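In what follows, a structure is listed as structure tokens, so that the remarks can point back to it.
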Amino acid sequence: MREQRGERVGFRDPVECLLSDRLLAVVALLVALSCGSAPAQKEVAVSAEAATDTAVPTSDAAPPSDDPPSSDSAGSDSAQPPDSGAPPVEPAPVVCETVPRQVWSPPERASSGRAIFRYRTYTGTVPSWVSNMASTSLDLREGADVVVQQRGPTLGDVQPFRDRPVTRFDGDYWLADRAIDAENVTIEAWFRTTSRAEWQTLFSNTEGGGFSLKVKAGVLRGLYRVAEGSGWADLELVGSIDVADGGWHHAAFTVGADGTGGRVLCLWVDGVSECATTPDGRPRRDSAIAPAVGAEPNEEGGVYTFESPFEGDLYGVVVRDYVVDAAWMADRVLRDGSRYFDTPSYHDYLSGSDGVDQRVADAIYGHDALLDATAARYRLPFQDDRYIVQGIAAPDSGEVFMSFYYGAKDLDSTCSEEPLVVPSILVGFDPCTSALTRVFMLYGPTGEINPAHVGGLAMSGSRAWTTFTASGTTYLARYELDEATEREAVSELVSADLLPSGAPWKTEAAELIALPDGCGSSFLSYDRIGEKLWLGQFSTGSGADLCAVRVDEEGRIGEVADRWELPVSKVQGVLSLGDGRVLLSQSYGSTDSALYVWTPTTNTVHTLLSGPSGFEDLALSPEGLVWTSSESGARYFQKRFAENLLCGPNWSDLYPYAMALDPAALFPED
């Protein structure tokens with residue numbers, strides 16, 4: 001039988017638990033409700049219903065167009081058309097005076113489980129990372145029901161920013177070839193719609209049992225069926241957040257045990273949860289039919305019919321047989337318009353391998369001090385585009401900037417050099433809103449591509465220093481970011497849902513500076529108190545040189561003011577705290593990272609904390625937070641062995657974040 005609304009089963013009176021100022025949409029029927037403690041969580045009602053009534057018909061609203069609606073792009077820095085002659089669009093500095101703090105639960109090992117169903121937009125035959133298909137009404141060809149959207153410029157034969165394909169549903173369905181079941185479950189969907197039809201199906205298998213995630217008149221509705229005699233009853237949760245606004249949303253419905261014999265149901269929209277607890281511990285009621293995406297499946301005598309269609313664009317749907325960790329679901333995501341919005345799509349598995357959320361939980365496990373010190377963390381952008389994070393800076397604007405290089409050595413036959421000449425990039429984001437603000441593609445003073453490793457980044461105001469390599473020689477390159485006047489050319493406007501800051505800026509170096517003798521440039525930081533640029537060279541042994549050079553108001557580099565030998569090896573970042581102490585970040589390959597504090601005058605050093613693999617550069621914000629990042633999320637480190645055995649094994653740790661650390665946690669004695 002189809003998913004239907006039914007008569008009421010025994011339940012308690014509703015108790016609303018409001019954890020935000022949104023008006024909660026309370027479902028008419030409640031089983032017991034209690035408040036939870038998930039991040040950014042709101043409490044809503046969960047109902048238990050038996051199935052008797054008929055389904056409500058849906059509307060035939062048209063799907064959204066390729067262009068983002070005005071509500072999605074308001075306030076965004078949209079791209080200029082190529083050769084438009086329009087004046088440059090200078091983005092106003094985004095000032096974030098105080099980074100909103102996050103609160104963490106003690107790290108635990110990841111939940112066991114796996115993805116048991118996946119639909120992800122594809123063309124042609126069904127790939128291995130998508131569930132087997134029984135039938136579909138979709139025409140899965142580019143230009144038909146698959147819309148491919150450009151996210152950035154094409155440079156020769158290379159597209160540094162991968163295109164994003166999405167499926168356009170307009171009364172269509174996609175049906176898997178076998179049934180699935182799960183006691184605990186997470187259904188995730190990445191979609192956009194403007195339809196406010198009474199029912200739109202994202203995922204469902206609720207013929208006599210099962211679970212579903214739908215859009216009900218513009219808000220989410222999750223359903224989980226439990227056994228009641230020879231029939232079933234519905235545990236239903238309806239949210240309050242509008243998801244029919246034409247913007248892209250990451251939505252999820254989770255059902256898990258509450259530890260007392262009942263269940264916790266949660267709806268998630270873009271990192272915000274609405275949860276309810278019910279004492280209903282009746283056994284789950286499994287479905288005997290295959291699940292469908294885009295429409296509600298009904299089966300009779302082996303013949304399927306479909307109703308309650310989804311009207312809009314959808315990238316993917318994933319179902320897991322465990323509850324995805326709340327810390328992952330509530331992540332601050334620096335959306336870059338990529339597949340899954342910026343969760344690396346190369347982690348799609350249906351073979352039992354752990355997913356990204358599980359691997360992140362395992363990576364941070366055992367590093368309690370790092371999590372305790374983390375005031376906020378942000379999922380890195382462009383990790384599905386082969387970019388590898390290196391430098392980080394936190395200028396007075398309140399933005400945070402990072403430098404990335406394009407890592408593709410696995411495409412080289414010997415894995416010994418980078419085979420593609422692609423500009424490195426600087427990426428800015430606003431830590432108050434978790435939005436990208438500016439993306440710069442780097443060039444030399446005369447327009448030549450800067451593909452340097454950009455291992456360090458230092459900034460003073462809108463002036464940035466990183467590296468440039470020419471004819472085997474590495475220089476410091478000074479970039480005046482506010483003087484960028486040209487966007488990279490793209491075949492169509494880069495819409496705000498693909499790259500919020502618009503097409504990348506084409507940015508030429510204002511000056512190349514020879515490195516002082518004995519001073520490297522693997523890492524850089526700007527000491528705003530001492531008005532010095534700190535720079536040094538990575539070394540697998542201790543004793544590497546560290547230099548501090550003075551910088552004048554015009555950004556000119558003076559002579560070396562101070563020089564030391566580093567007390568530890570494998571240093572990736574150096575940061576002066578302005579009080580005689582210096583922070584050192586250390587990482588090398590897939591081993592654990594570490595953060596040290598060093599006092600050069602006494603040459604004393606001690607360990608502050610350990611962390612997952614890949615710690616990189618360090619920076620100090622005007623607010624006083626210490627920023628760093630991990631390069632462990634890069635595609636090269638996670639996928640290289642499958643691409644080229646000579647590149648070595650994949651890294652076991654996955655922690656794709658930029659992190660703000662609180663000095664009060666690093667130095668509680670201060």
Could you check how many residues of the range 209-227 are open to solvent by 10 Å² or more (accessible area, probe 1.4 Å) and either more than 28 Å from G281 (Cα to Cα) or not in a strand (DSSP E or B) (or both)? 1
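Got a number for residues in the range 335-353 being modelled with pLDDT of 85 or more and of a type in the set (G, A, S)? Please lay out each step first, then the result.
So the first thing to find is which residues in the range 335-353 are modelled with pLDDT of 85 or more, and the list is 335-341.
The next check asks that each one be of a type in the set (G, A, S); those that pass are 337-338.
The number of residues fulfilling the criteria is 2.
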Is it true that A233 is open to solvent by less than 10 Å² (accessible area, probe 1.4 Å) and either touching a helix residue (DSSP H, G or I) at 6+ places or on another chain (Cβ under 9 Å) or over 18 Å from S273 (Cα atoms) (or both)? yes
Scope the range 87-126; condition acidic (D, E) and either modelled with pLDDT under 90 or touching a Pro at 6+ places or on another chain (Cβ under 7 Å) (or both); matching residues: E90, E108
Among the residues of the range 273-288, which ones are closer than 11 Å to D181 by Cβ and assigned to a loop (DSSP other than H, G, I, E, B)? R285, D286, S287, A288
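Can you name the residue in the range 609-629 that is farther than 30 Å from C647 by Cβ and either without any contact (Cβ under 8 Å) to a residue 24 or more places away in the chain or not in a loop (DSSP other than H, G, I, E, B) (or both) and is also least open to solvent (accessible area, probe 1.4 Å) among such residues?
Restricting attention to the range 609-629, the residues satisfying the condition of being farther than 30 Å from C647 by Cβ are 620-626.
Adding the requirement that they be either without any contact (Cβ under 8 Å) to a residue 24 or more places away in the chain or not in a loop (DSSP other than H, G, I, E, B) (or both) leaves 620, 626.
On the way: L620: 44, V626: 2 Å².
So, considering only residues that are farther than 30 Å from C647 by Cβ and either without any contact (Cβ under 8 Å) to a residue 24 or more places away in the chain or not in a loop (DSSP other than H, G, I, E, B) (or both), the one least open to solvent (accessible area, probe 1.4 Å) is V626.
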For the range 576-589, give me each residue that is at pLDDT 95 or above and either open to solvent by 60 Å² or more (accessible area, probe 1.4 Å) or polar (S, T, N, Q) (or both). S576, S585, Q586, S587, Y588
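Which of the strands (runs of 3 or more DSSP E) found entirely inside the range 509-554 contain at least 3 residues meeting this: open to solvent by 40 Å² or more (accessible area, probe 1.4 Å) and touching a residue at least 12 places away in the same chain (Cβ under 8 Å)? Give the steps one after another, and end with the answer.
Details: elements: 511-514, 523-527, 532-536, 545-551.
Strands (runs of 3 or more DSSP E) meeting the threshold: 511-514.
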Among the numbered criteria (1) of a type outside the set (F, W, Y); (2) within 30 Å of V439 (Cβ to Cβ); (3) surrounded by 22 or more Cβ atoms within 10 Å (Cβ to Cβ); (4) at pLDDT 95 or above, which one does C266 miss? (2)
First in the range 410-434 and under 17 Å from G156 (Cα atoms), second anywhere and of a type in the set (A, V, I, L, M) and open to solvent by 80 Å² or more (accessible area, probe 1.4 Å), Cβ under 9 Å, 6 or more apart: E418/L411; P419/L411; L420/L411
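Looking only at strands (runs of 3 or more DSSP E) that lie completely in the range 293-405, which have at least 1 residues being open to solvent by 10 Å² or more (accessible area, probe 1.4 Å)? So that I can check it myself, show each step before the final result.
Working: elements: 296-300, 303-307, 311-320, 374-379, 387-393.
Filter on the range 293-405 gives 296-300, 303-307, 311-320, 374-379.
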How many of the residues in the range 424-466 are open to solvent by 10 Å² or more (accessible area, probe 1.4 Å) and of a type in the set (S, T, N, Q)? 6
Collect the residues in the range 631-670 that are aliphatic (A, V, I, L, M), part of a helix (DSSP H, G or I) and either more than 14 Å from P344 (Cβ to Cβ) or in contact (Cβ under 8 Å) with a residue 40 or more places away in the chain (or both), keeping them in residue-number order. L645, L646, A664, A665, L666
If G352 passes every condition in (1) within 14 Å of the chain's Cα centre (by Cα); (2) touching a residue at least 40 places away in the same chain (Cβ under 8 Å) but one, which one does it miss? (1)
Result of the Cβ filter at 8 Å on the range 565-589, keeping first residues that are within 21 Å of S632 (Cα to Cα) and partners that are modelled with pLDDT of 95 or more and among the basic types (K, R), at least 6 apart or interchain, is Q586/K570; S587/K570; Y588/K570
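For the range 630-670, how many residues meet the condition of being small (G, A, S) and more than 24 Å from A394 (Cα to Cα)? Show your work before the answer.
Step one: list which residues in the range 630-670 are small (G, A, S), which gives 630, 632-634, 642, 648, 652, 658, 660, 664-665.
In the following step, the residues that additionally are more than 24 Å from A394 (Cα to Cα) were identified as 642, 648, 652.
Residues in the range 630-670 being small (G, A, S) and more than 24 Å from A394 (Cα to Cα): 3 in total.
The values are calculated or read from the model by the stated rules, or taken from the named source; none is laboratory data. As the structure is a computational prediction, the values presented were derived from the model and not from experiment. Positions of Cβ are backbone-derived with ideal geometry, glycine not excepted, and every protein chain shown enters the neighbour counts. What goes into the accessible areas is simple: the full protein's heavy atoms, side chains included, and nothing from ligands, DNA or RNA. Shrake-Rupley method; radii C 1.70, N 1.55, O 1.52, S 1.80 Å.
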